[in-house]
Amino acid sequence: MGHFSLAEILHNSNYLVCLTGREMIVEDGIDSMRDMKTAYEIELKYGYSPEEVFSAQFFSTRSEQFYEFYREEVLAQEKEPGKAYYALAALEEMGILKCIITRQLFNLDKRAGCQNVYNLHGNIYDNNHCPRCGRIYSIDYMKKGKVPLCEKCGVPIHPGVTLLGEMVEIGLTTRAADEVSKADTLLILGSDMRTEMVQQFMKYFHGDKVVLIHGAPHYADKEADYCLYGKITDILASALKELCEKVEDQQILCNSHQG
Ligand SMILES: [Zn+2]
């Protein structure tokens, strides 16, 4: 792999698409249900694994327990986006980054100002809806009562996230796959090459550079062309700084994002 400059790669890419994974939200202080420790604690507390509770079946048959879990383990983790997301927003504004594809539910990318985001599994803010009449409810409404009910129909509101056992909207996946097929550079953040999402989208990638940034080496890293290890926030921030020095005419824009 040798020495390489991330800023240089970003600068030279014509169509950059980014996949963001679990470690991105962990860096911003969100516990991931996939962490062994968290999964074990959840099983002790609820008597079921996170996968069982966070499922369509659990939602429809035990909505009270589902909502206890959803509020205490998901909504309670609402956090502000960290600097990595602002760096992505800056890259998008500079015209380098074309879109972000993620399964994370906290909408941190959009809240940091990213425009083109494919939230494959929805998010906790938008589309909390009544399964009967379709009325939309705010996240604040979702935090109230034991089970948030539709004011009109009295049935439990479905959160704006995809539960296990539910179909991901096919159109959304197709459009995300289209973006990947147009990319010359794929930036994979906070995930290894073997996660389901990365494997799913790698099938559509025909570009020449896969850049992987995550915390620690993984046996499948050789499937990427370039790897960087460490805090994604720090790596992106320093690449953005270097990039801004390269692109002098965008200096003002860059400065406004680094403040
Ligand atoms: Zn309704």
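The values are calculated or read from the model by the stated rules, or taken from the named source; none is laboratory data. Keep in mind it's a predicted model, so treat the numbers as computed, not measured. Note that we place each Cβ from the backbone using ideal geometry, even for glycine, and neighbour counts take in every protein chain shown.
Summary of values
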item	result
Output for segment 1-29, where each listed residue is closer than 24 Å to D178 by Cα and outside any helix (DSSP H, G or I)	S13, N14, Y15, L16, V17, C18, L19, T20, G21
Filter result for G95 (within 16 Å of the ligand (Cβ to nearest atom), at positive phi and either surrounded by 14 or more Cβ atoms within 10 Å (Cβ to Cβ) or not polar (S, T, N, Q) (or both))	no
Selection within segment 32-47 - loosely packed, with under 14 Cβ neighbours inside 10 Å and aliphatic (A, V, I, L, M)	M36, L44
Residue that is in contact with a His (Cβ under 9 Å, 6 or more places away or on another chain) and either crowded, with 20+ Cβ neighbours inside 10 Å or at pLDDT 95 or above (or both), where the choices are P131, P50	P131
Criterion violated by E64 - all others in (1) over 28 Å from D221 (Cα atoms); (2) surrounded by 16 or more Cβ atoms within 10 Å (Cβ to Cβ) satisfied	(2)
Residues of segment 148-174 classified as of a type in the set (A, V, I, L, M, F, W, C), within 14 Å of the ligand (Cβ to nearest atom), crowded, with 16+ Cβ neighbours inside 10 Å and assigned to a loop (DSSP other than H, G, I, E, B), total	2
Of all residues in segment 98-136 being part of a loop (DSSP other than H, G, I, E, B) and more than 19 Å from M24 (Cα to Cα), the one that is farthest from the ligand (Cβ to nearest atom)	D126
Neighbours by Cβ (under 6 Å, 6+ apart or cross-chain): first from segment 191-213, assigned to a helix (DSSP H, G or I); second not aliphatic (A, V, I, L, M)	M197/R103; V198/S191
Pairs where the first residue, in segment 145-159, is at pLDDT below 95 and the second is loosely packed, with under 14 Cβ neighbours inside 10 Å and not hydrophobic (A, V, I, L, M, F, W, C), C-beta under 6 Å, 6+ apart	K146/E64
Test result for Y141, more than 14 Å from the ligand (Cβ to nearest atom), at pLDDT 95 or above and outside any loop (DSSP other than H, G, I, E, B)	no
